[in-house]
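As structure tokens, the structure follows; a few thoughts come after it.
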Amino acid sequence: MAMKALEGVRVLDLTHVQSGPSATQLLGWLGADVVKVEAPGGDVTRGQLRDVPGADSLYFTMLNCNKRSVTLNVKTGRGREILTELIRGADVMVENFGPGAVDRMGFTWDRIREINPRIVYASIKGFGEGPYTGFKAYEVVAQAMGGSMATTGFPDGPPLATGAQIGDSGTGIHAVAGILAALFQRESTGRGQRVNVAMQHAVLNLCRVKLRDQQRLARGPLAEYPNEDFGNEVPRSGNASGGGQPGWAVRCAPGGPNDYVYVIVQPPGWKPLAGLIGRPELAEDPEWATPEARLPKLAKMFQLIEEWTSTLPKWVVLERLNAYSIPCGPILSTKEIIEDASLAANDMIVTVGHPERGEFTTVGNPLKLSDSPTHVTSPPLLGQHTEEILIGELGLGDEELRLLRSSGVI
């Protein structure tokens, strides 16, 4: 088997729920040895949204593959001593507790780097330093405060959350980037460092084009937006592409909730598109022939396209548009995605065995490295590797392990 990119890197995973586990699972997919440290009761998501009685939930299993689990009560003195030894042997430590929680355990950044000067210590929080620091952060709170919700939805409707977990898993991916950069820098400095990532900041980074448009508003209305009225803030613009080439989701037959194709109209695609919709004369009509002429009439343009697409299934529309290299994509439902053979062939939809719940389907590694293939393994049962790690790697004895268990340390 080929050596993995992060083989030999030990990650101490003190995370829970989604933002942290999504980051550490990605590190595990890249080959790191990820040791998930859980309180004796376990990550709360093991029992949340449980669909199989007595088994870990999909919420947990889909975020914790390729890890080992050790239980440890760090509120006890002996638990903190064991955590100290785990920190000493780690390359990376990741946590997403509330602000100050790890400090209150006695593990400030100064203490952590005293224990292990080479460690990369990554913290995921809701917000940066300032008036929001103490706020509780959740996925949609981060979307609300990072610029996403204000710019998502239709002009006459309320702000909307996106189904993509840009606050949680989006922050996890940002954390991975910071961790990898710190590990790379350690090669030249010999020192670890602190990595801080805030959910609000990660969402904001993903919303940068809306801040681009906020500044452009000072020079007048945004012509590529379908909105009729503009105030002093970037408006919600429905399914508009938000870029230089206009796009929209157009309805297809038979009219179900996901019978849509997203179509982008580039200048070279207008002539064949006009032919496909049965209006070839529009390719030469000065009122329609150029992007500048079409821009004030985007709603009418997509209405004409939808009059054609609404008579055909989305897969037929896709085939006909792609024949002319017109950018488009069908709106794929979650059912269609989970059954998509091409995603399975690309190891993006994978089936994983589990000792309690049997097989489950999860998302694979989107990072494809030619010399570091990913094999998704089953997430650990609670404390599955406690003995392996404490006895086999920290050198504790069998009798001490029994005492630790009886006294509630593990």
Worksheet item: Where does segment 78-163 land on Rg/Rh, using Cα atoms and the Kirkwood Rh?
Response: 1.17
Discussion item. Check which residues have an amide H placed less than 5 Å from Ala253's amide H, if you skip close sequence neighbours.
Written reply: Thr311, Leu312, Lys314
Worksheet entry | Unit charges on C-beta of K, R, D, E only; dipole of the chain, Debye | 780
Item to complete: Treating the Cα atoms of segment 272-369 as identical point scatterers in vacuum, please give the log10 of the normalised Debye intensity I(q)/I(0) at q = 0.11 Å⁻¹, two decimals.
Response: -0.54
Practice prompt. For segment 281-289, just list the computed ³J(HN,Hα) in residue order, Karplus coefficients 6.51, -1.76 and 1.60, θ = phi - 60°, integers in Hz, with x standing in for Gly and Pro.
Written response: 5, 5, 5, 10, 5, x, 6, 9, 5
Worksheet item: With N residues in segment 165-248, what two-decimal value do you get for its Cα radius of gyration over 2.2 N^0.38 Å?
Response: 1.54
Fill in: Coordinate range along principal axes, alpha carbons of the chain, Å, largest first
86, 47, 42
Worksheet entry | Heavy-atom accessible area order for Leu180, Leu298, largest first, 1.4 Å probe | Leu180, Leu298
Worksheet item: Listed highest first by mean packing, meaning other Cβ atoms within 10 Å per residue, what order do 80-92, 321-333 come in?
Response: 80-92, 321-333
Worksheet entry | Shape metrics for segment 335-410, restricted to C-alpha atoms - Rg then Dmax, Å | 18.5, 53
Worksheet, complete the sentence: Along segment 234-243, Karplus-curve 3J(HN,Hα) (6.51, -1.76, 1.60; θ = phi - 60°) to the nearest Hz, with x for Gly and Pro, reads 4, x, 6, 10, x, 9, 4, 5, x, x
Fill in: Those chymotrypsin sites (Phe, Trp or Tyr not before Pro) in segment 227-303 that DSSP places in a loop and that have at most 14 other beta carbons within 10 Å
Phe230
Practice prompt. Quick one: P(r) of segment 232-315 from all Cα-Cα pairs, 5 Å bins, percents rounded to integers, in order of increasing distance.
Written response: 3, 14, 24, 25, 17, 11, 5, 1, 0
Worksheet item: Just how much of Lys210 is accessible, in Å², when a 1.4 Å probe is used and the result is rounded to the nearest 10?
Response: 40
Worksheet, complete the sentence: Heavy-atom accessible area with a 1.4 angstrom probe orders Lys75, Lys67, Lys297, Lys368, most exposed first, as Lys75, Lys368, Lys297, Lys67
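For segment 22-85, what percent of Cα pairs sit more than 19 Å apart?
41
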Worksheet item: How many lysine pairs does the chain hold where the Cα atoms are under 16 Å apart and the two sit 8 or more places apart or on different chains?
Response: 5
Worksheet, complete the sentence: Quick tally, 1.4 Å probe accessible area for Ser378, Ser342, sorted with the most first, runs Ser342, Ser378
Item to complete: Averaging sequence separations of C-alpha pairs under 8 Å and six or more residues apart, then dividing by the length of the chain, give the relative contact order as a whole percent.
Response: 19
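The values are calculated or read from the model by the stated rules, or taken from the named source; none is laboratory data. If you're wondering where the values come from, they're calculated on a predicted model, not measured in any experiment. We place every Cβ from the backbone using ideal geometry, glycine too, and count neighbours over all the protein chains shown. These accessible areas exclude ligands, DNA and RNA; they are computed on the full protein's heavy atoms, side chains included. Shrake-Rupley method; radii C 1.70, N 1.55, O 1.52, S 1.80 Å.
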